[in-house]
Every structure is written in structure tokens, then in C-alpha cells.
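Values in this text are rule-based calculations from the coordinates and carry no lab data. Since this is a predicted model, take the numbers as computed values, not measurements. Because the Cβ atoms are built from the backbone with ideal geometry, glycine has one as well, and the counts that use them run over all protein chains shown.
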Amino acid sequence: MNKNKLKSIISKKANGNTSVANQLYQMFFFEHILDRLSKSKYKHNIILKGGLLLSSIIGDDERTTKDMDATLKSLPLEKENVTEIIKAILSIDDNDDIEFEIESVKDIRLEDEYGGFRIGIIAKMSTIKHHLFIELTTGDKITPREIKYNYNCIFEDKKIPILAYTVETIIAEKYHSITTRGIFNTRMKDYYDIYVLVSDNKDKIDFTNLVKAIQNTYKHRETELNINEIEEQLDSIRTSHNLMRLWENYKVTAPYSEKINYDDLLKSLDYITNILSESEVSV
């Protein structure tokens, strides 16, 4: 794809919204990073997760992301090693006239003991230039295990074979963040993602594995899985005027969510909680 064709496609999709256009450019470059990953010797060591994966799973190219999130498997998560891995992937010649350059590699601290790295990247295609970020972590508990996944490209009729998180693990991690942080979790994308996955993509979920994934996530993050406490958190979320306001604001910036009411978000969370309760998890 040449520069002019790309600009034309993004212009139509963004419909005059500069912010959306910038995010679509980022998605375009992320897809080409994934393509390079699939052709690299590290294709069995890097497991895709996060928003980039979700946009493909739910088939919504409007659900864009600013970062590419992944976990590193069977290799040491050290700055020098991470830099070498990403550099090797980005340097693969994919005959697409795109150049990538590592701009920075910074240490990040997450909820668990492992931490990770945030890699800043400059992507260039002719006169088009964008800044991207890859967040690479390790030690994640994936239930039952990572899967082979064909990533659906937005800009080409193409599927990229990669390793990825299971849907159940994605839901489990977002559910944990919401039900442990309660009204202090203001990431509206977490609520949206759970709603879309549970309400519109039930056929993609193994609910037995979902229960196991939630149990494993709570255990991995050293949190007690207590249904009564979860229900108390959900009741607080249900009546939070601040979260209601944030959801309305989110809908303005994310048109794909405009028909979803705040109550709909809670129904999806209640649905998962009821499944947990019926499975007789520890309380």
C-alpha cells in the first residue's frame, strides 16, 4: 500500500476527526509490526494482549489503541534483551516502505512483581511519521494457555498468525481491575470491552475457562476472590455519579459506544459475577 492510498483510506474512516485519524495511523503501523513479528524468530516468545488484540477479536476497527501490549515468554525480561528483540523484529524487511526506529526503552511498574518495559518507536512511511509504544511484560497467568490466533488486518484483506491471550484471560484481568479498584477504576475502555465481549461475543467465551481465568488472575495478583466484596464494589459502581459522567464523556469520544447505556455495563459485570457465584468459588 502506498502513502496516498493509505491517506485516502484513513481520511474516509476518520471522517474529519484528527484524533481518530492519528489512532488509525497507529493501528496501521502496529499491523506491520505484527507482520514482522510473525516472520521473526521471536514469534513463539511474544504473546499479544490488550486493545490491539481486542479490536481484532470483536471485529471493531473503530476500537483503536495507543499502545501494543504483549507478554514475553521463555526469555529474560531485561532491558538489553528487550531492546535486542524489538530491534530484530523491526529490522525485518517486509517490502512495505516502512521504517521503524527505537526511540526509548523505559522501565514500568505494574500491579505484580514482574514489571516490564515501555518501548517508544518512531514509524515512518515516506512523509508520514508517527510515535508508537509497545508495552512488554512477563509472568502473566494465561488460562488455560496462549492460543494461535489469526489477527485480522484493518487495512488489508490479510490475517497475521500470532500467539495471543485467550478471551477468558482478557475478561478476567479487566474484571479484576474493576472489581478490586471499584469507583477508582476510571478506565472506561475496561467497562466497554467487558460489555462487548460478554453481550455480543458470548459464542467466543468458554465460561468454565472464564471462571478458572478469574480464579487464576486473583491468585496471581494476590487478591482474595470474595463474591460479597465484589458485589459491594459493583453496588458502589452502580451508583457512582462520577463514573456515569465519565461514561457519557467516553461515548462522545468513542462513537462506537454511543448506544450503550451505563446500566448495560453493570449488567455485563453482574452476569460474570452470577456465573462465579453459581460455580461456588471461594467466598
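Descriptive notes on the structure:
- Principal axis dimensions, region 168-278 - Cα atoms, whole angstrom, descending: 36, 29, 22
- Computed over the chain, relative contact order equals 16 percent, with contacts defined as Cα pairs under 8 Å that lie 6+ residues apart.
- Along region 18-35 the Karplus relation, 6.51 cos²θ - 1.76 cosθ + 1.60 evaluated at θ = phi - 60°, assigns HN-Hα couplings of 4, 4, 5, 4, 4, 5, 5, 4, 4, 4, 4, 5, 4, 4, 6, 5, 4, 4 Hz to successive residues, with x for each Gly and Pro.
- Percent RCO, i.e. relative contact order, over region 3-165, from Cα pairs under 8 Å lying at least 6 residues apart: 24
- Across region 168-278, the relative contact order, built from alpha-carbon pairs under 8 Å that are at least six residues apart, equals 39 percent.
- Net charge contributed by nearby residues that have their C-beta within less than 15 Å of ASN261 (K/R +1, D/E -1): -1
- Residue pairs, from the table LYS158/LYS267; LYS5/LYS251; LYS73/LYS267, whose Cα atoms sit over 32 Å apart: LYS158/LYS267; LYS73/LYS267
- A full extension of the chain between PHE207 and LYS189 corresponds to an added length of 4.3 nm, given 0.36 nm per residue minus the alpha carbon distance.
- With the gyration tensor restricted to C-alpha atoms of region 3-165, the semi-axes of the equivalent ellipsoid amount to 25, 17, 15 Å, longest first.
- What the Cβ-Cβ distance of ASN4 and ASN228 gives, at R0 = 51 Å and to the nearest 0.05, is a FRET efficiency of 0.30.
- Taking only the C-alpha atoms of the chain, Rg followed by Dmax gives 19.2, 58 Å.
- Euclidean distance of C-alpha centroids, region 23-91 and region 133-150, integer Å: 10
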